[in-house]
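Read the structure below first, then the notes.
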Amino acid sequence: MPRQSKFTIKDKELADALEISVEALYEVIAVFDSDPDDEWELKEKEHFLIDNQKWGNRIFSPQGAFAIAKYLDTHGKKSIWDRIREFVTHHRQKIRNAFVQKTVHENSSSLVARNNRHFLSKADTVAILGTSYCRLNTAFKELLQSDSPLEPGADYDDIDGVRYYSLSGLYRLSQNLSQMLKSKDRREWCKAVDVAGKATFQAIIDAETKRNQRIKKAKDAAKRRDKQTCQITLVKRTMHNHDFDLAGHHIFSSHHYPHLSAVEDNIITIESTVHSEFHQWNGGNSNACTANDLLQFICERYPASTKAIARIAEVDRIFGYTQSPLDRAQVNNQRISPKKAA
Amino acid sequence: MAKKSISPAIFNKIQQLSETEGIDAQILEDFALFVLGNRRASKPKVLSMGELKGAVFAHFEVSSTKDMRKSGAYRMATDGMDKLNLRLKESWEQLYRQFVGILPGEDSQVGEACINGVDIFKYFKPWTVFGLDAKTSSEQDIKQAYRQLSKRYHPDNKDSGNARIFDRINLMYRSITAVA
């Protein structure tokens with residue numbers, strides 16, 4: 001899936017979040033730009049993009065927004081009231097952490113639970129820490145040469161040949177980067193990942209758990225609706241014939257059409273063996289499937305299942321217009337970067 | 001007498017040294033007992049609950065147990081660990097070992113699960129266990145140290161083999177030869 005652009009925060013939105021005027025925001029930016037040798041830096045294509053070439057308006061990444069928020073927190077003049085409010089509510093800190101949370105939300109699609117731990121792909125780890133593969137490799141090597149290297153299976157693991165880091169591994173890496181990076185705003189960013197990370201991951205994990213519960217509920221309801229009968233072979237579970245499994249099949253695959261994953265009408269009860277046969281026919285479980293695919297499969301392999309054909313054709317009429325969010329993202333991405341599309 | 005007071009691991013080491021270096025095993029046993037006797041005489045200072053907490057709080061940059069429980073850093077760092085009962089001192093000792101360092105008195109331990117003074121099930125310190133310097137050791141040095149330890153603890157070794165220790169050594173070897 002192509003990654004979305006990370007530059008999503010407009011100057012007005014950022015100024016509002018920081019409770020300053022847009023003019024004051026550009027004054028702060030001028031300070032960043034004035035001294036290239038100080039520890040505060042805003043880099044084009046990393047922290048911001050020029051949104052409007054004529055007027056020089058900028059659009060920021062969460063890292064850019066974070067750097068400005070951190071600078072204001074360190075250098076901004078505060079009234080006594082502001083200081084008291086900051087002391088009581090950690091207002092500024094919350095704003096900074098919100099930018100980190102945004103990045104965590106945008107880069108947690110790979111989050112998986114394994115051995116009671118939560119793991120993220122290396123690509124997502126790099127994106128969340130706002131660093132590069134090369135710098136992450138260096139941090140890993142530094143930890144490897146430390147007194148307590150990262151522990152395989154606990155801090156990182158290879159899943160299907162892809163390197164994943166657990167939350168404890170991410171913590172160790174972010175801790176290392178928050179001490180070793182040269183740029184202050186990058187160090188602070190990695191430190192904030194420690195602070196804001198787990199709560200955000202927990203929210204994502206909870207949402208995923210709830211979604212799975214909703215899917216299970218919809219599948220159970222679909223099986224009740226279909227009277228525990230395979231809709232293709234019409235084999236029913238009875239006291240004399242119960243030695244087979246029934247699967248709740250998503251007519252539009254749940255991964256590619258997540259908005260239909262907990263919709264009862266999108267689920268059909270079929271025998272597990274037929275279910276496996278269909279997915280094999282379709283090229284594997286990870287391939288997207290639609291009502292049209294299932295129709296074609298039934299016509300080829302179970303042409304006598306006229307009721308099932310009629311039912312799936314009906315589902316196709318209802319949901320056939322729907323588009324997978326993954327395809328939508330691809331189209332949007334092509335719109336953003338026409339060169340890539342070419 | 002001596003055999004009863006020293007651990008099997010030390011006894012095996014004595015036998016090994018006696019064979020390879022040609023030193024009388026009795027002299028080595030006496031020396032081991034002398035060292036152990038002196039260690040017992042100077043009991044290391046045990047950290048109090050307050051000292052343990054203080055060190056762990058400093059690591060997570062918090063000032064109370066309540067703040068630590070809420071801290072994102074703490075929650076991330078302990079993700080996947082067995083649930084800790086923070087009213088118990090042993091839980092704080094576990095946190096200290098994991099995030100702060102070696103507890104006083106646990107820096108030169110002896111016992112079956114101890115290699116180079118480290119209890120390998122309490123600490124994940126591969127370089128110490130392998131007896132190597134992380135900064136200067138070559139790939140060859142690591143392999144050599146690993147071979148020596150594997151030979152000793154391989155389950156097929158009837159004298160000193162131990163599957164659990166062997167697995168832990170393998171894990172440590174993987175950790176110091178891994179790539180990002």
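The values are calculated or read from the model by the stated rules, or taken from the named source; none is laboratory data. As the structure is a computational prediction, the values presented were derived from the model and not from experiment. Don't worry about glycine lacking a Cβ; one is built from the backbone with ideal geometry, like all the others, and counts go over all protein chains shown.
Summary of computed values
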{"item": "Selection count, the range A:196-214, where residues are within 14 Å of another protein chain (Cβ to nearest Cβ) and either small (Gly, Ala, Ser) or over 15 Å from A:Glu106 (Cα atoms) (or both)", "result": "5"}
{"item": "Residue match in the range A:259-270 (condition: small (Gly, Ala, Ser), out of contact with any helix residue (DSSP H, G or I) (no Cβ under 9 Å at 6 or more places or on another chain) and not in a helix (DSSP H, G or I))", "result": "no"}
{"item": "Scope the range A:268-299; condition in contact (Cβ under 8 Å) with a residue 24 or more places away in the chain and in contact with a Cys (Cβ under 8 Å, 6 or more places away or on another chain); matching residues", "result": "A:Thr269, A:Ile270, A:Glu271, A:Val274, A:Phe278"}
{"item": "Selection count, the range A:106-137, where residues are part of a helix (DSSP H, G or I), touching a residue at least 12 places away in the same chain (Cβ under 8 Å) and more than 8 Å from every other protein chain (Cβ to nearest Cβ)", "result": "7"}
{"item": "Filter result for the condition that a residue is exposed (fewer than 13 other Cβ atoms within 10 Å of the Cβ) and either closer than 15 Å to B:Gly54 by Cα or aliphatic (A, V, I, L, M) (or both), over B:Arg87, B:Arg97", "result": "B:Arg87"}
{"item": "Checking A:Ser183 against (1) surrounded by fewer than 18 Cβ atoms within 10 Å (Cβ to Cβ); (2) facing another protein chain (nearest Cβ under 8 Å); (3) in contact (Cβ under 8 Å) with a residue 60 or more places away in the chain, the condition it does not meet", "result": "(2)"}
{"item": "Which numbered condition A:Asn116 misses (of (1) buried (at least 16 other Cβ atoms within 10 Å of the Cβ); (2) more than 13 Å from the chain's Cα centre (by Cα))", "result": "(1)"}
{"item": "Selection count where residues are farther than 13 Å from B:Asn12 by Cα and touching a residue at least 60 places away in the same chain (Cβ under 8 Å), scope the range B:144-159", "result": "0"}
{"item": "Matching option when the condition is in contact with a strand residue (DSSP E or B) (Cβ under 9 Å, 6 or more places away or on another chain), within 13 Å of chain B (Cβ to nearest Cβ) and within 30 Å of A:Lys70 (Cβ to Cβ), among A:Tyr171, A:Tyr164", "result": "A:Tyr164"}
{"item": "Matching option when the condition is modelled with pLDDT of 80 or more and buried (at least 18 other Cβ atoms within 10 Å of the Cβ), among A:Leu234, A:Leu246", "result": "A:Leu246"}
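Residues are listed down the side, and each one gets a yes or a no for (1) modelled with pLDDT of 95 or more; (2) within 26 Å of B:Gly105 (Cα to Cα); (3) within 14 Å of chain A (Cβ to nearest Cβ):
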residue: B:Ser42; (1), (2), (3): no, yes, no
residue: B:Leu47; (1), (2), (3): no, yes, no
residue: B:Val56; (1), (2), (3): yes, yes, no
residue: B:Ser71; (1), (2), (3): no, no, yes
residue: B:Met81; (1), (2), (3): no, yes, yes
